[in-house]
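For reference, the structure discussed in these notes is given below.
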Amino acid sequence: MFIGHLPAGYITSKLLYPRFSGQNVVSNHFLWAGVLGAITPDSDMVYFYLVDHRQHHHHTYMTHYPIIWVTMLFLSIISLRISRNLYYPSLAVIFSLNGVIHMLLDSIVGDIWWLAPLAGKPFAFFTVPALYKPWWLSFIFHWSFGLELVVVIWAVYLWWQPNQDGSRVIRA
């Protein structure tokens with residue numbers, strides 16, 4: 001997925017915020033935690049380009065291990081259930097949930113090692129054939145890029161929805 005992670009994080013955060021608003025969570029903090037969680041798995045791109053020099057698929061790095069994100073989500077939910085102050089656990093839940101969603105979205109056409117580091121077998125629902133050069137054009141012209149555009153359009157739609165008071169102030 002090229003352009004869909006950040007908007008997907010926005011959508012998830014915006015739609016789930018009403019369930020967390022009673023936890024005294026500031027909407028912008030909740031939104032930022034969610035969006036950061038949605039893109040954090042791709043922070044490995046820095047290592048991929050600057051250190052590893054593209055020698056290994058960036059989905060094989062720890063930031064793309066689903067077990068890490070699922071564990072973080074599980075621990076965040078437990079913390080949310082047992083803590084008195086629900087502010088930070090709420091932010092941790094949306095951050096880690098969006099990390100899990102990142103893994104799911106990457107699994108559509110990108111290999112994800114779902115059992116890493118225990119097993120080294122990648123999984124993807126669909127394969128993008130290498131039909132064009134440069135390589136990224138194959139992804140842009142693949143049907144799955146249409147899904148990304150739908151996610152982007154949905155996020156823009158939610159972004160511009162008027163608030164309950166009728167104003168168009170941008171907030172979560």
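The values are calculated or read from the model by the stated rules, or taken from the named source; none is laboratory data. Predicted model, so just to flag it, every value in this text is computed and none were measured. With ideal geometry, Cβ positions are generated from the backbone for all residues, glycine too; neighbour counts draw on all protein chains shown.
Things to note:
- Just one residue in the set 57, 53 is in contact (Cβ under 8 Å) with a residue 12 or more places away in the chain and more than 25 Å from residue 154 (Cα to Cα); that residue is 57.
- Pairs linking a residue in segment 121-132 that is touching a residue at least 12 places away in the same chain (Cβ under 8 Å) and within 18 Å of residue 60 (Cα to Cα) to a residue that is among the charged types (D, E, K, R) and surrounded by 12 or more Cβ atoms within 10 Å (Cβ to Cβ), with Cβ atoms under 6 Å and 6 or more positions apart or on different chains, are 122/111; 124/111.
- One residue alone among 119, 92 is out of contact with any Asp or Glu (no Cβ under 8 Å at 6 or more places or on another chain) and within 30 Å of residue 21 (Cα to Cα), and that residue is 92.
- Residue 71 satisfies every condition listed in (1) more than 23 Å from residue 149 (Cβ to Cβ); (2) surrounded by 19 or more Cβ atoms within 10 Å (Cβ to Cβ) except (2).
- Only residues that are more than 24 Å from residue 140 (Cα to Cα), touching a residue at least 60 places away in the same chain (Cβ under 8 Å) and crowded, with 17+ Cβ neighbours inside 10 Å were counted across segment 24-35, and they come to 5.
- In the set (1) assigned to a helix (DSSP H, G or I); (2) surrounded by 17 or more Cβ atoms within 10 Å (Cβ to Cβ), residue 46 fails one condition alone, (2).
- Any hit, segment 33-44, residues being farther than 15 Å from residue 96 by Cβ and over 17 Å from the mean Cα position of the chain (by Cα): no
To keep it simple, each residue is scored yes or no on (1) surrounded by fewer than 12 Cβ atoms within 10 Å (Cβ to Cβ); (2) within 22 Å of residue 22 (Cβ to Cβ); (3) touching a helix residue (DSSP H, G or I) at 6+ places or on another chain (Cβ under 6 Å); (4) at pLDDT 95 or above.
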residue	(1), (2), (3), (4)
82	yes, yes, no, yes
85	yes, yes, no, no
106	no, no, no, yes
125	yes, no, yes, yes
144	no, no, yes, yes
158	no, yes, yes, no
